[in-house]
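Notes for the one structure printed next.
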Amino acid sequence: MKSIQEDIKTGNFKQAYLLYGEEAYLKQQYKHNLEKALNPDGDTMNFNHYEGKGIDIRQLIDLCETLPFFADRRVILLEDTGFFKNKCEELADYMKELPGYLCMIFVESEVDKRSRMYKAVKACGRITEFKGQDEKTLMRWAAGLLGKAGKKITQRDMELLLTKTGTDMGNLRMELEKLICYTEGRDVVTGQDIEEICTTQTTNRIFDMVRAVTEKNQERALELYYDLLTLKEPPMRILFLLAKQYRQLLQVKQFGAAGLAQTEMASKLGVPTFAVRNIVSCARAYSISELEQAVRDFVDAEESVKTGRLEDKLSVELLIIKYSSKTAVKKA
């Protein structure tokens, strides 16, 4: 990312850029920054945008070979083409001899680093992967945005915010904008503000449901489940996310038995440290063998739905009832 910033600052651009990765917000920001720097006047004659699969490669190469019209540069932006996952031999060969006036920007969700296109861009341009940001980076960024609006927030309330919104920067940005508007006239964002105005992501609603289950609060667990169904969440997606949460409970239980610190657990699970604290708290309600059985039960439930033995909505409901029953699972 710093290399792209330096290119924009100096005006010494590469002939090809590949931006990819899971952090969509940052990826889009850098795409727009590059596009603006390469085409500052919004020149439509010498700027072309392609999106999606099925692009005619021969037609694209013909365009690349077309001299810019009363300009020094032709810019071509290509998004989600699949060129870096599927074979694209003709374009990969062409990348070896790009004309000096041409700059190509590829923006992809996934790439295969073994592909010829990936190697071709690496040889003639710059590749940047946009990974999910760690919790400290997200907290600094969010606090900075709040600070620009004259707002302050405690670390504990910042953790609450991330717990509700998740770590996607685009979603977090929208929730911060809501908070800034909601707290107009005040300079401190509180936990109550966050609870009242911020939207809890589905995965975090699932964790709330898991917590209710581990606390044997069956009424609350079922209420959260029905809320998710009302929000049109497919039962099989809920089952998948529940299974994922229980696998994480099992993993932290095993990590704890192996003597790992919570920071190490967070790294292995790919979640923020504060999220691990919540997972560890829930895992205390179970032994390792009970969690292993729970994971098997989720696999069996999925199989029952796929084979038609159980209806999807009912299968999830039965699991919630089983594991939130005060007599079903004894505390370890």
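The values are calculated or read from the model by the stated rules, or taken from the named source; none is laboratory data. Computed from a predicted structure; not experimentally measured. So basically every Cβ, Gly included, is an ideal-geometry build from the backbone, and we count neighbours across all protein chains shown. All accessible areas refer to the heavy atoms of the entire protein, side chains included, with ligands and DNA or RNA removed. Shrake-Rupley method; radii C 1.70, N 1.55, O 1.52, S 1.80 Å.
Taken over segment 22-41, residues that are outside any helix (DSSP H, G or I) and either under 24 Å from C88 (Cα atoms) or open to solvent by 50 Å² or more (accessible area, probe 1.4 Å) (or both) amount to 3. Restricting attention to segment 201-216 and to residues that are polar (S, T, N, Q) and buried (at least 16 other Cβ atoms within 10 Å of the Cβ), the residue that is nearest to E175 (Cα to Cα) turns out to be Q201. Scanning segment 138-195 for residues that are loosely packed, with under 14 Cβ neighbours inside 10 Å, more than 20 Å from K27 (Cβ to Cβ) and among the small types (G, A, S) yields G147, G150, G185.
Identification of helices (runs of 4 or more DSSP H) wholly contained in segment 178-287 with 2 or more residues that are within 24 Å of A301 (Cα to Cα) yields 202-214, 218-230, 235-257, 273-283.
Being within 10 Å of L102 (Cα to Cα), surrounded by fewer than 18 Cβ atoms within 10 Å (Cβ to Cβ) and charged (D, E, K, R) is a condition met by at least one residue of segment 53-71. Among the residues in segment 258-265, are any surrounded by 20 or more Cβ atoms within 10 Å (Cβ to Cβ) and within 29 Å of E159 (Cβ to Cβ)? For segment 258-265, residues surrounded by 20 or more Cβ atoms within 10 Å (Cβ to Cβ) and within 29 Å of E159 (Cβ to Cβ): present.
Could you please find all residues in segment 222-239 being open to solvent by 70 Å² or more (accessible area, probe 1.4 Å) and at pLDDT below 90? Spell out how you get there, then give the answer.
To start, the set of residues in segment 222-239 that are open to solvent by 70 Å² or more (accessible area, probe 1.4 Å) comprises 223, 226, 230-232, 237.
Selection gives T230, L231, K232, R237.
The number of residues in segment 18-33 that are at pLDDT below 95 and either aliphatic (A, V, I, L, M) or touching a Cys at 6+ places or on another chain (Cβ under 8 Å) (or both) comes to 2. Against the test of being among the charged types (D, E, K, R) and out of contact with any helix residue (DSSP H, G or I) (no Cβ under 9 Å at 6 or more places or on another chain), the options E22, E90 yield a single qualifying residue, E22.
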